[in-house]
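To start, the structure itself, in structure tokens.
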Amino acid sequence: MMAKAIRLTRTGGPDVLEYVDVEVGEPGPGEARVRQHAIGLNYIDVYFRTGLYPMPLPSGLGQEGAGVVEAVGEGVRHVQPGDRVAYAGRPNGAYSALRTMPADILVKLPDAIDFETAAAMMLQGLTVQYLFTSTYKLQAGQTILFHAAAGGVGLIACQWARALGVNLIGTVGSKEKGELALAHGAAHVINYNEEDIVARVLEITGGKKVPVVYDSVGKDTFIRSLDCLQPRGLMVSFGNSSGAVPAFAMSELASRGSLYLTRPSLGSYAATREELEAMAADLFAMVASGKVKIDIRQRFDLADAAQAHVALEARRTTGSTILLP
């Protein structure tokens with residue numbers, strides 16, 4: 001059967017995204033066909049579109065969505081036709097009204113969570129879940145630094161930190177974004193266009209600095225992030241929206257007090273069905289409780305995916321963005 005989808009045959013700017021008809025086949029062993037109601041937009045999509053993260057071409061794009069299972073292939077037991085489901089993860093191909101995909105990344109949606117919320121939160125919400133509970137287990141009373149606090153991941157992080165009793169210092173690029181982060185639970189904000197990040201962190205922490213920095217910005221913030229860490233602190237580099245982190249000497253970690261550095265990815269933390277189910281349950285519980293609200297601030301038609309990418313790269317988006325097939 002045919003379905004509308006975004007495809008790209010070459011890497012480059014938003015103009016390489018083509019809105020076309022694609023053939024969607026029957027699910028094979030271990031697969032499911034999902035009729036999508038909403039699709040998540042994430043910065044990792046830009047990395048694949050530009051070629052920063054290589055992938056075979058031609059290809060679909062997108063790693064997050066929510067919808068209803070239409071059919072399942074041999075061996076699939078955890079979801080059945082008619083189930084409401086959501087997912088985050090590879091392979092690319094979420095930018096489609098209908099897709100046949102590996103069933104092992106699908107999780108059933110609780111009744112309390114609608115499709116748009118699910119599509120807007122799976123990748124970003126599961127990211128915050130593992131960052132705060134596994135990469136570094138946050139404790140109430142700690143003060144942490146989180147870059148891009150008004151973005152999709154950032155606004156979830158602000159709320160999750162508040163729920164844990166953690167003081168989140170968030171960096172933002174404007175007064176408006178700062179107000180947004182504070183409204184979502186950030187304890188402090190630093191406008192990096194007007195303030196010195198390192199000096200403000202020293203001031204806020206009384207010279208103690210922070211035990212962990214979460215940095216999805218990359219090139220523009222990496223060294224300053226290291227400068228904000230306590231001895232033996234953890235630098236969590238989980239994205240590079242400003243460009244890849246430049247090469248640096250390992251002695252940079254030693255000279256700042258035996259720092260740790262990690263570059264985590266969702267796939268490594270949700271590597272088994274059991275891990276994925278536990279992480280999703282934690283996220284769903286946090287959202288269902290109202291402690292974390294998913295703030296969808298932009299909606300685009302799937303046909304306008306290129307416009308959505310332009311807005312995302314220009315840092316004109318806040319909170320979550322979804323595509324509607």
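The values are calculated or read from the model by the stated rules, or taken from the named source; none is laboratory data. As the structure is a computational prediction, the values presented were derived from the model and not from experiment. Counting neighbours? That spans all protein chains shown, and the Cβs are built from the backbone with ideal geometry, glycine included.
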remark   = Flagged in region 177-201 as out of contact with any strand residue (DSSP E or B) (no Cβ under 9 Å at 6 or more places or on another chain), without any contact (Cβ under 8 Å) to a residue 24 or more places away in the chain and outside any loop (DSSP other than H, G, I, E, B), in numbering order, are 183, 199
task = Mind listing whichever residues of region 195-231 are in contact with a Pro (Cβ under 8 Å, 6 or more places away or on another chain) and among the charged types (D, E, K, R)?
result = 219
task = Identify, from the list 49, 35, 84, 7, the residue that is of a type in the set (Lys, Arg) and surrounded by fewer than 17 Cβ atoms within 10 Å (Cβ to Cβ).
result = 35
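Conditions tested, residue by residue: (1) buried (at least 18 other Cβ atoms within 10 Å of the Cβ); (2) under 19 Å from residue 284 (Cβ atoms).
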position	(1), (2)
24	yes, no
40	yes, yes
57	no, no
61	yes, no
72	yes, no
75	no, no
124	yes, yes
ask   = Out of 205, 133, which single residue is crowded, with 16+ Cβ neighbours inside 10 Å, modelled with pLDDT of 95 or more and in contact with a Cys (Cβ under 9 Å, 6 or more places away or on another chain)?
value = 205
inquiry  = Tell me whether region 54-62 contains one or more residues that are more than 17 Å from residue 124 (Cβ to Cβ), small (Gly, Ala, Ser), more than 19 Å from the chain's Cα centre (by Cα) and not in a strand (DSSP E or B).
reply    = no
task = Output the number of residues of region 225-243 satisfying the condition of being at pLDDT 95 or above and of a type outside the set (A, V, I, L, M).
result = 8
key: Check on residue 221, in contact with a helix residue (DSSP H, G or I) (Cβ under 9 Å, 6 or more places away or on another chain), modelled with pLDDT of 95 or more and not assigned by TED's automatic domain parsing to the domain that holds residue 299   = no
task = Considering only region 260-325, give the helices (runs of 4 or more DSSP H) lying wholly within it that have at least 3 residues that are free of Cβ contacts under 8 Å to residues at least 40 places away in the same chain and not assigned by TED's automatic domain parsing to the domain that holds residue 148.
result = 273-288
query = For the subset of region 73-110 comprising residues that are over 16 Å from the mean Cα position of the chain (by Cα) and of a type in the set (S, T, N, Q), which member is nearest to residue 288 (Cα to Cα)?
reply = 80
Residue that is nearest to residue 112 (Cα to Cα), among those in region 271-280 that are at pLDDT 95 or above and within 17 Å of the chain's Cα centre (by Cα) = 280
